[in-house]
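Data first, discussion second: the structure below is written as structure tokens.
The values are calculated or read from the model by the stated rules, or taken from the named source; none is laboratory data. Nothing here was measured: the structure is a model prediction, and the numbers come from that model. So basically every Cβ, Gly included, is an ideal-geometry build from the backbone, and we count neighbours across all protein chains shown. The area values use the complete protein model at the heavy-atom level, side chains included, leaving out ligands, DNA and RNA. Shrake-Rupley method; radii C 1.70, N 1.55, O 1.52, S 1.80 Å.
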Amino acid sequence: MLYIEVLLLAIGLSMDSLAVSITGGAILKGRCSIRHIAKIAGVLGLFQAGMTVIGYTMGAGFERYIRSLDHWIAFVLLLYLGGKMIYDSTKEEEEEGKFDPLCNRTLCGLGVATSIDALAVGISLAVLKSPLTLQAATIGVVTFAMSAFGVYFGNRFGKKVDLKLDLIGGLILIGIGTKILIEHLLLNQ
């Protein structure tokens with residue numbers, strides 16, 4: 001996988017975290033500091049990278065059994081995740097609940113919820129035999145940066161802007177999955 005593909009993959013994965021961060025920043029209103037931004041972004045980035053590593057480890061364990069289907073598995077997982085993100089972007093969101101985005105329990109819950117797709121991507125990366133360290137680090141750093149921006153943006157602009165981040169992320173993931181499938185089918189004829 002080329003580094004630009006890794007970067008696009010990381011951006012696609014980070015869209016859920018970005019959306020959560022924008023909401024968190026909006027809820028914080030005037031009490032947002034660099035420490036708050038770093039806390040939220042750090043937890044979300046750590047969960048994205050960690051779940052990628054966990055998925056990779058799981059995928060490496062059964063890779064030899066699915067070697068002939070690896071490209072299809074990567075395609076189906078990315079298609080499903082991208083499609084789910086696109087579908088979720090069309091649903092009406094409920095009004096913001098009364099939650100504290102700085103609460104450790106809330107942050108960990110958000111970290112798990114936004115990184116489930118990274119677990120599936122980690123499995124895909126394992127079956128494709130992609131280098132884990134570079135990809136997990138890139139996913140974590142990009143998620144941190146996007147989340148930090150999201151908290152700041154949400155705090156400054158709140159509900160003034162309605163972005164369809166899940167839609168963008170879903171399209172990126174589907175594009176990467178399609179590229180993997182096409183490359184494998186064309187190169188292995």
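Some notes on this structure:
- For the residues 125, 79, 107, the requirement of being buried (at least 24 other Cβ atoms within 10 Å of the Cβ) and modelled with pLDDT of 80 or more singles out 125.
- Every residue from segment 156-189 that is open to solvent by 70 Å² or more (accessible area, probe 1.4 Å), assigned to a helix (DSSP H, G or I) and modelled with pLDDT under 75: 159, 160, 168, 187
Quick grid of which residues meet (1) in a helix (DSSP H, G or I); (2) open to solvent by 30 Å² or more (accessible area, probe 1.4 Å); (3) at pLDDT 80 or above:
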| residue | (1), (2), (3) |
| --- | --- |
| 1 | no, yes, no |
| 11 | yes, yes, yes |
| 25 | yes, no, yes |
| 45 | yes, no, yes |
| 52 | yes, no, yes |
| 59 | yes, no, yes |
| 73 | yes, yes, no |
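- Apart from one condition, residue 146 fits all of (1) out of contact with any Leu (no Cβ under 6 Å at 6 or more places or on another chain); (2) open to solvent by 30 Å² or more (accessible area, probe 1.4 Å); the exception is (1).
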